Amino acid sequence: MRICRMNGMRPINTGGRPTIILKSKKTAISTTVRKFTTPAEKVVVQTPVYNMFFNSIINNGRVVLENPLKYDGKNYEVDFGDLEEKLSDPLTTLMILCNPHNPVGKIWSKEELAKVGELCKKHHVMVLSDEIHCDLCAPGKEYVPFASVSDTCKDISITAIAPTKAFNIAGLQTAAVVAPNKGIKDRIWRALNTDEVAEPNAFAVDVAVAAFTKGRQWNEELRTYIQKNKDIVEAFLKENLPRVKMISKDATYLLWLDISSYANNSKDLASFLRKETGLFVSHGMIYRGDGNHFLRLNVACPKVTLEDGLSRLKKGLDAWDKR
């Protein structure tokens, strides 16, 4: 199968056998956790991170091991010292990597990914790389597939991809996993079929192929529109809410907003905003790490909707200050 990524439109020839089509990325994560770890073993995640990772780990009787990202007030970086400590734990057998990262919008560099791969190989830890947001990088930005970095990364990894985010077709339930290593591929193939999730519906394959091979112009226009929405948010915050800091806008259609000057409990703040203004944003605490200081804002919407949401955000934060 030949998968064509919109981000740079470089086709990736998966060689056929390493690629497995299935119903959704979430099922791939849960199946991988079950097949490649045993109960009570530990799975490393880099927090704050997509909350469904925790569900897949905990619901299967495994233990979440956090490698908190380092935040300097502007950007996030990997704490490699802490990462190696977590990987060296004898009970750690899997790392789930978010590439690009949700919710912080970070595109990991080739050097960063190579270091992750080397550390995981050193400590005999396999990597599941969730790359579902790869086709939602900002115009002019490109992400690096984990398995493409080196033979080491390729040999110890499974990559989960899907057109569902970039093309808004989650309802059609189509995703894929790529495992270049034959031994890993054989195990995940059997696991996905045992869980009966490698049976996509009649439209899934054709829709995925159409999206990746004929959707370039649409995807480029989408990425441009999302970037303009991010610019609107950045300008609005600078003029109206300077105490709110917007973190990296390089990838995804989500923005990670630092509201630490307003509250130390983002859940309480998010509930207040919803009650007072009707604005529904995700509180950062569900992503763990330092999420208690952040809100996650979805900007994949029409400009008029975004502007309405921003006015509600200002109204809500002003009211929060006056309590």
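Here are some conditions: (1) open to solvent by 60 Å² or more (accessible area, probe 1.4 Å); (2) in contact (Cβ under 8 Å) with a residue 12 or more places away in the chain; (3) within 30 Å of HIS123 (Cβ to Cβ). ILE156 meets all but one. Which one does it not meet?
For ILE156, the exception is condition (1).
Run SER150 past the list (1) closer than 30 Å to PRO39 by Cβ; (2) open to solvent by 10 Å² or more (accessible area, probe 1.4 Å); (3) not β-branched (Val, Ile, Thr) and report the number of the one that doesn't hold.
(1) is the only condition that SER150 fails.
Would you be able to tell me the number of residues in the stretch 82-119 that are farther than 23 Å from ASP151 by Cα and free of Cβ contacts under 8 Å to residues at least 12 places away in the same chain?
Here the count works out to 2.
If you go through the stretch 25-40 one residue at a time, how many are of a type in the set (Ser, Thr, Tyr) and in a loop (DSSP other than H, G, I, E, B)? First the steps, then the outcome.
The initial filter retains those residues of the stretch 25-40 that are of a type in the set (Ser, Thr, Tyr), namely 27, 30-32, 37-38.
Next, from what is left, pick out any that are in a loop (DSSP other than H, G, I, E, B): 37-38.
Summing the residues that are of a type in the set (Ser, Thr, Tyr) and in a loop (DSSP other than H, G, I, E, B) in the stretch 25-40 gives 2.
If a residue must be within 28 Å of ARG223 (Cα to Cα) and open to solvent by 20 Å² or more (accessible area, probe 1.4 Å), how many such residues does the stretch 165-183 contain?
Of the residues in the stretch 165-183, 9 are within 28 Å of ARG223 (Cα to Cα) and open to solvent by 20 Å² or more (accessible area, probe 1.4 Å).
Would you pick out the residues in the stretch 133-147 that are buried (at least 17 other Cβ atoms within 10 Å of the Cβ), touching a residue at least 60 places away in the same chain (Cβ under 8 Å) and either in contact with a helix residue (DSSP H, G or I) (Cβ under 9 Å, 6 or more places away or on another chain) or acidic (Asp, Glu) (or both)?
Taking the stretch 133-147 and keeping what is buried (at least 17 other Cβ atoms within 10 Å of the Cβ), we get 133-138, 143-147.
Now narrow it down to the ones that are touching a residue at least 60 places away in the same chain (Cβ under 8 Å): 133-138, 143, 145.
Selection gives ASP135, LEU136, CYS137, ALA138, TYR143, PRO145.
Of everything in the stretch 278-323 that's touching a residue at least 40 places away in the same chain (Cβ under 8 Å) and β-branched (Val, Ile, Thr), which residue is most open to solvent (accessible area, probe 1.4 Å)?
ILE286
Please tell me if THR194 is at pLDDT below 95 and either open to solvent by 80 Å² or more (accessible area, probe 1.4 Å) or within 26 Å of VAL78 (Cα to Cα) (or both). Steps first, answer last, please.
Working: at pLDDT below 95: yes; either open to solvent by 80 Å² or more (accessible area, probe 1.4 Å) or within 26 Å of VAL78 (Cα to Cα) (or both): yes.
Yes, satisfied.
State whether the residues of the stretch 213-224 include one that is open to solvent by 100 Å² or more (accessible area, probe 1.4 Å), touching a helix residue (DSSP H, G or I) at 6+ places or on another chain (Cβ under 8 Å) and not basic (Lys, Arg). Lay out the reasoning, then the answer.
Going residue by residue through the stretch 213-224, those that are open to solvent by 100 Å² or more (accessible area, probe 1.4 Å) are 214, 216-218, 221.
Okay, now just the ones that are also touching a helix residue (DSSP H, G or I) at 6+ places or on another chain (Cβ under 8 Å), so none.
Checked the stretch 213-224: no residue is open to solvent by 100 Å² or more (accessible area, probe 1.4 Å), touching a helix residue (DSSP H, G or I) at 6+ places or on another chain (Cβ under 8 Å) and not basic (Lys, Arg).
Specify which of the listed residues (GLY278, GLY316, GLY291) is within 30 Å of GLU131 (Cβ to Cβ), at pLDDT 95 or above and touching a helix residue (DSSP H, G or I) at 6+ places or on another chain (Cβ under 9 Å).
Matching residue, one of GLY278, GLY316, GLY291: GLY291.
Only one of ASP268, ASP258 is acidic (Asp, Glu), over 30 Å from SER157 (Cβ atoms), in contact with a strand residue (DSSP E or B) (Cβ under 9 Å, 6 or more places away or on another chain) and crowded, with 19+ Cβ neighbours inside 10 Å; which? Outline the logic, then answer.
On the way: ASP268 fails: crowded, with 19+ Cβ neighbours inside 10 Å.
Just one listed residue meets the conditions, ASP258.
List pairs: first in the stretch 237-252 and more than 14 Å from SER311 (Cα to Cα), second open to solvent by less than 40 Å² (accessible area, probe 1.4 Å) and among the small types (Gly, Ala, Ser), Cβ under 6 Å, 6+ apart or cross-chain?
Here the result reads SER248/GLY105; LYS249/GLY105; ASP250/GLY105; ASP250/ALA138; ALA251/GLY105; THR252/GLY105, each pair linking the stretch 237-252 to a residue that is open to solvent by less than 40 Å² (accessible area, probe 1.4 Å) and among the small types (Gly, Ala, Ser).
The values are calculated or read from the model by the stated rules, or taken from the named source; none is laboratory data. Computed from a prediction, not measured in an experiment: that's the story for all the values here. Backbone-built Cβ (ideal geometry, glycine too); neighbour counts: all protein chains shown. We work out accessible area using only protein heavy atoms, side chains counted, and drop any ligands, DNA or RNA first. Shrake-Rupley method; radii C 1.70, N 1.55, O 1.52, S 1.80 Å.
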